[in-house]
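What follows is one structure encoded as structure tokens, with my remarks underneath.
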Amino acid sequence: MPGITKLRTGLLVASLLVIGCEGAWLAGAVQQRRASEALLAQENQLARQDVPNLAARRLTSTDQKIPPRTTFSQFMEGQGIAAATVQELIQESRAVYDLARVRAGNKLTLVSSISGQLKQVRYQIDQDQVLWITRQKQHFDARIRQIPYIVRVAGITGTVSNSLFQAVETQGEGDELAVGIADIFGWDIDFNTDPRSGDTFEILFERKRLNGQQAGYGRILAAEYKNGDHLYQAVLFHDPSGRPAYYAPSGKSMQKAFLRSPLRFAARITSGFSYPRFHPILERTRPHLGTDYGAPVGSSVQAVADGTVVYAGWKGEDGKLVLLRHAHGYETYYMHLSRTLVRPGQHVQQGQIIALTGATGLATGPHLDFRIKQNGSFRNFLALDLPPAQAVAGNDRLDFEKRKTQLLDELAALHAHPAGVEQASLQALDPRAAVGN
């Protein structure tokens, strides 16, 4: 039976081969499993060791506004930041921005690790710029970044019935545009007394968007205001030094040496300049060498021209008073104030808020008594022929004429589009070209 024996032998060999292969596979699988378990254990150990590093890399962010009458140091120390770190932040930032200039109401963002280490400070300087202070290995790095707005040119037209503010609001826009119109025409129009029902206005302006949302306004590029029968127009160009400035179509500067009013809005004249004026408190006739504006206590008072503060404080029957000295022999007086916001020796700019109205001193009620001297003599401000600022420079005249034509053509196009919502023709107007650079 040699055939049977040979068959059995073959089956035995095959079985042994199968068993050997299965054993080798099983041994390999066991070895692979042990290696995987060892690798997993190693990774778990490394992960446990890296937990502090991971925690340090996880960040938290808080946004707050600077409270009134609070310095940067006081704010930061109130957030638990060490005084040494605060001084380091101030020192490293000084080359690009002085943190002593932080303003109440501006946003400040603190970014820290879970472990509490300060990683970054972001302070919004204004509508366009943010100061970023970021921790590096050995120090803080400070730089100013522009907010990445998307800017579109838009236009609106409106009619005044009660006030310029209300007319702008009726068009779905914010108070900032009304203030901008008043700033442009404030040297020719006293917006306390001159506007009348039926006045009309048209403006081209920059609308800012951030992350798809309305984010405020940029510059007004061109504006028109019709006050009764008088039409005022202004376009944005640049002055001889290159700074943005508004000009009438003739090239004459809209800016004058003096604003037409020490108050921007909502104040009526209660008493004018007069030599034979009966004083309601003293009950006798004596000169009133200024203009009284009736205004609630706390209304903002602005400097009518660039100047230097000569006096700021209490002065007898004038109550709290601010006295400014200007060029060419002019001085202005702001009297019966509730609060002064400047100090002697300080230089102030035209339009800067210098005080709040009140009823201090010899006053029957809340108002501002505003007076102006020229070469030592009091003058009637409402009748004073005030000097203008510079016109367009001769070598800029050709560029101005081109720019003026472009802007006034776009402004005229608003008549056909009273809704004025970001028209395509306006979007084609490059807002960066508005100041000629």
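Computed quantities for the displayed model
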| item | result |
| --- | --- |
| Tally, over region 226-247, of residues that are assigned to a strand (DSSP E or B), under 25 Å from the mean Cα position of the chain (by Cα) and surrounded by 16 or more Cβ atoms within 10 Å (Cβ to Cβ) | 8 |
| Single residue of region 92-142 satisfying the filter (among the polar types (S, T, N, Q) and open to solvent by 60 Å² or more (accessible area, probe 1.4 Å)) that is modelled with the lowest pLDDT | 115 |
| Index of the failed condition, residue 210 passing every other in (1) in contact with a Leu (Cβ under 7 Å, 6 or more places away or on another chain); (2) more than 20 Å from residue 410 (Cβ to Cβ) | (1) |
| Candidate set: region 175-224, residues that are hydroxyl-bearing (Ser, Thr, Tyr) and in a strand (DSSP E or B); chosen: the one farthest from residue 164 (Cα to Cα) | 217 |
| Residue satisfying condition, being open to solvent by 20 Å² or more (accessible area, probe 1.4 Å) and under 22 Å from residue 183 (Cα atoms), within set 308, 332, 340, 364 | 308 |
| Identity of the residue in region 177-207, small (Gly, Ala, Ser) and more than 19 Å from the chain's Cα centre (by Cα), that ends up surrounded by the fewest Cβ atoms within 10 Å (Cβ to Cβ) | 197 |
| Subset of region 273-294 that is more than 11 Å from residue 370 (Cβ to Cβ) and open to solvent by less than 30 Å² (accessible area, probe 1.4 Å) - its residue that is modelled with the highest pLDDT | 294 |
| Scan of region 262-271 for residues that are over 17 Å from residue 196 (Cα atoms) and buried (at least 20 other Cβ atoms within 10 Å of the Cβ), ordered by number | 262, 263 |
| Filter pass, residue 210 being closer than 23 Å to residue 390 by Cβ, open to solvent by less than 60 Å² (accessible area, probe 1.4 Å) and of a type outside the set (Gly, Ala, Ser) | no |
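The values are calculated or read from the model by the stated rules, or taken from the named source; none is laboratory data. Keep in mind the model is a prediction, meaning the values are calculated, not measured. Glycine also receives a Cβ, built like all others from the backbone with ideal geometry; neighbour counts cover every protein chain displayed. Just the protein is used for accessible areas: all its heavy atoms, side chains included, with ligands, DNA and RNA removed. Shrake-Rupley method; radii C 1.70, N 1.55, O 1.52, S 1.80 Å.
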